[in-house]
Amino acid sequence: MSDSVVIVTGGSRGIGASVCRKLGALGHTVIVNYAGNEAAATDVVTTIESAGGAATAVQADVGSEQDVIRLFETADTLGTLKGLVNNAGVVDRAMRVEDMLLDRLTRMVNINLIGTFLCAREAVRRMSTKNGGQGGTIVNLGSAASKLGSPGMYVDYAATKGAIDTMTVGLAGEVALEGIRVNAVRPGIIDTEIHASGGAPDRVEKLQSQLPMKRAGTADEVAEAIVWLMSDQSSYTTGAILDVSGGRAILP
Ligand code: NAP
């Protein structure tokens, strides 16, 4: 098995699970990170192993610095870290900003933004040629919400994703000469369980007729773009933010 280890945060379900399966099939040793759904993470690991790949499930809350350090230390025992997909993210119940309580805002920023920074920090410490590493790639998950703002739904979520766009550009510039490429993928409405976890299980069904392509995207369609950005095929692409949104937030 390859010496190349990749970490996918939130790899147990949705877009992250699809990315894990694809990276596993390409021969990477995949760390399938999850927050609480051990069964889903184990299922992803089993699928990768059944296809002849290597994967390990690691529970870690990306909003916890201790957990993130443990996640990366586990990866260190399996080979050389070559990539990070900063995919873990949450939404919350639809509400106006005037009704948002501190607990909600703290959770949103901790997981979606600080978690992305903590994981990127640990990845750069290991992959940067400046620190003796071999280089690597980071892909962040943004959202079309960063352009739309999600009024009346979750402006807090959209704002964390706006920060992800900015962080992607800034970090890409910071490590461009250190063998690390940093890019983001900005999905539109994708058919995963995230909508149900935000209390809107029918969101995809309700919205799809309003989308430019009259359908939601699939986790696999987003994962294809992420895997390309993780690969050497995108060797001259850094600081890019790739919309995988079926035209949402771009087309009228
Ligand atoms: P999802 O189906 O809800 O899956 C979320 C994944 O993140 C799960 O594996 C979950 O683990 C994990 N996770 C949640 N909180 C975590 C934490 N604190 N620490 C570590 N892992 C955590 O989500 P998705 O739709 O695939 O979304 C993936 C990413 O794409 C997110 O960043 C999201 O904001 C972004 N995105 C999604 C859409 C969309 O329409 N689906 C659109 C734009 C952007 P457990 O299984 O243990 O709960």
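Mind listing just one residue for me: the one in segment 166-192 that is within 12 Å of the ligand (Cβ to nearest atom) and of a type outside the set (A, V, I, L, M) and, of those, nearest to L251 (Cα to Cα)? Write out each step before concluding.
First pass over segment 166-192, keeping only residues within 12 Å of the ligand (Cβ to nearest atom): 184-192.
Imposing the further condition that a residue be of a type outside the set (A, V, I, L, M) reduces the set to 186-188, 191-192.
Working: R186: 15, P187: 14, G188: 12, D191: 20, T192: 23 Å.
So, considering only residues that are within 12 Å of the ligand (Cβ to nearest atom) and of a type outside the set (A, V, I, L, M), the one nearest to L251 (Cα to Cα) is G188.
Of everything in segment 154-164 that's closer than 13 Å to I241 by Cβ and open to solvent by less than 20 Å² (accessible area, probe 1.4 Å), which residue is nearest to the ligand (Cβ to nearest atom)? Spell out how you get there, then give the answer.
Here is the first cut: in segment 154-164, the residues closer than 13 Å to I241 by Cβ are 161-164.
Now restrict to residues that are open to solvent by less than 20 Å² (accessible area, probe 1.4 Å): 161, 164.
Values: K161: 7, I164: 8 Å.
By that ranking, first place goes to K161.
Being in contact with a Pro (Cβ under 9 Å, 6 or more places away or on another chain), open to solvent by less than 50 Å² (accessible area, probe 1.4 Å) and touching a residue at least 12 places away in the same chain (Cβ under 8 Å) is the requirement here; does A223 meet it?
Values: in contact with a Pro (Cβ under 9 Å, 6 or more places away or on another chain): no; open to solvent by less than 50 Å² (accessible area, probe 1.4 Å): yes; touching a residue at least 12 places away in the same chain (Cβ under 8 Å): yes.
Taking the combined requirement at face value, the residue does not satisfy it.
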Open item on the list: I'm checking my understanding of the structure. Among residues of segment 118-153 that are assigned to a helix (DSSP H, G or I) and of a type in the set (G, A, S), which one is nearest to the ligand (Cβ to nearest atom)?
Closed with: A145
Open item on the list: Restricting to segment 114-147, give me the number of residues that are open to solvent by less than 30 Å² (accessible area, probe 1.4 Å) and either within 14 Å of A184 (Cα to Cα) or without any contact (Cβ under 8 Å) to a residue 24 or more places away in the chain (or both).
Closed with: 11
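Take the residues in segment 80-94 that are more than 30 Å from L26 (Cβ to Cβ) and charged (D, E, K, R); name whichever of them is most open to solvent (accessible area, probe 1.4 Å). Even if it seems obvious, please write down each step before you answer.
Going through segment 80-94, the residues more than 30 Å from L26 (Cβ to Cβ) turn out to be 92-94.
Narrowing further to those that are charged (D, E, K, R): 92-93.
Values: D92: 32, R93: 132 Å².
Filtering segment 80-94 for residues that are more than 30 Å from L26 (Cβ to Cβ) and charged (D, E, K, R), the one most open to solvent (accessible area, probe 1.4 Å) comes out as R93.
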- [ ] Output the number of residues of segment 13-26 satisfying the condition of being open to solvent by less than 20 Å² (accessible area, probe 1.4 Å), in contact with a strand residue (DSSP E or B) (Cβ under 8 Å, 6 or more places away or on another chain) and of a type outside the set (A, V, I, L, M, F, W, C).
- [x] 2
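In segment 95-105, what residues are open to solvent by 60 Å² or more (accessible area, probe 1.4 Å) and either at pLDDT below 95 or of a type outside the set (D, E, K, R) (or both)? Before the answer, list the steps.
Within segment 95-105, the first condition is being open to solvent by 60 Å² or more (accessible area, probe 1.4 Å), and the residues that meet it are 96-99, 101-103, 105.
Hits for segment 95-105 are V97, L101, L102, L105.
Regarding segment 193-203, can at least one residue be identified that is more than 13 Å from the ligand (Cβ to nearest atom), open to solvent by 30 Å² or more (accessible area, probe 1.4 Å), out of contact with any strand residue (DSSP E or B) (no Cβ under 8 Å at 6 or more places or on another chain) and at negative phi? Break it down stepwise before answering.
Pass one, segment 193-203, residues more than 13 Å from the ligand (Cβ to nearest atom): 202.
Among the residues that remain, those that are also open to solvent by 30 Å² or more (accessible area, probe 1.4 Å) are: 202.
With the extra rule that they be out of contact with any strand residue (DSSP E or B) (no Cβ under 8 Å at 6 or more places or on another chain), the set shrinks to 202.
Retained after the next criterion (residues that are at negative phi): 202.
The answer is yes; a qualifying residue exists.
Conditions tested, residue by residue: (1) out of contact with any helix residue (DSSP H, G or I) (no Cβ under 7 Å at 6 or more places or on another chain); (2) at pLDDT 95 or above; (3) farther than 27 Å from G83 by Cα; (4) in a loop (DSSP other than H, G, I, E, B).
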{"site": "E174", "(1), (2), (3), (4)": "yes, yes, no, no"}
{"site": "V182", "(1), (2), (3), (4)": "no, yes, no, no"}
{"site": "V185", "(1), (2), (3), (4)": "no, yes, no, no"}
{"site": "T192", "(1), (2), (3), (4)": "no, yes, no, yes"}
{"site": "G199", "(1), (2), (3), (4)": "yes, no, yes, yes"}
{"site": "K214", "(1), (2), (3), (4)": "no, yes, yes, yes"}
{"site": "A223", "(1), (2), (3), (4)": "no, yes, no, no"}
{"site": "V227", "(1), (2), (3), (4)": "no, yes, no, no"}
Open item on the list: Residues to consider are I69, I111; find the one that is open to solvent by 40 Å² or more (accessible area, probe 1.4 Å), in a helix (DSSP H, G or I) and either within 16 Å of the ligand (Cβ to nearest atom) or modelled with pLDDT of 95 or more (or both).
Closed with: I69
Open item on the list: Looking for something surrounded by fewer than 20 Cβ atoms within 10 Å (Cβ to Cβ), part of a loop (DSSP other than H, G, I, E, B), within 9 Å of the ligand (Cβ to nearest atom) and not hydroxyl-bearing (S, T, Y) - is there at least one such residue anywhere in segment 46-62?
Closed with: yes
- [ ] For segment 25-41, indicate whether the set of residues that are more than 9 Å from the ligand (Cβ to nearest atom), of a type in the set (S, T, N, Q) and modelled with pLDDT of 95 or more is non-empty.
- [x] yes
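The values are calculated or read from the model by the stated rules, or taken from the named source; none is laboratory data. Predicted, not measured: the structure shown is a model, and the values here were computed from it. All Cβ positions, even for glycine, are placed from backbone atoms using ideal geometry, and neighbour counts span all protein chains on display. Side chains included, ligands, DNA and RNA excluded: accessible areas come from the protein's heavy atoms. Shrake-Rupley method; radii C 1.70, N 1.55, O 1.52, S 1.80 Å.
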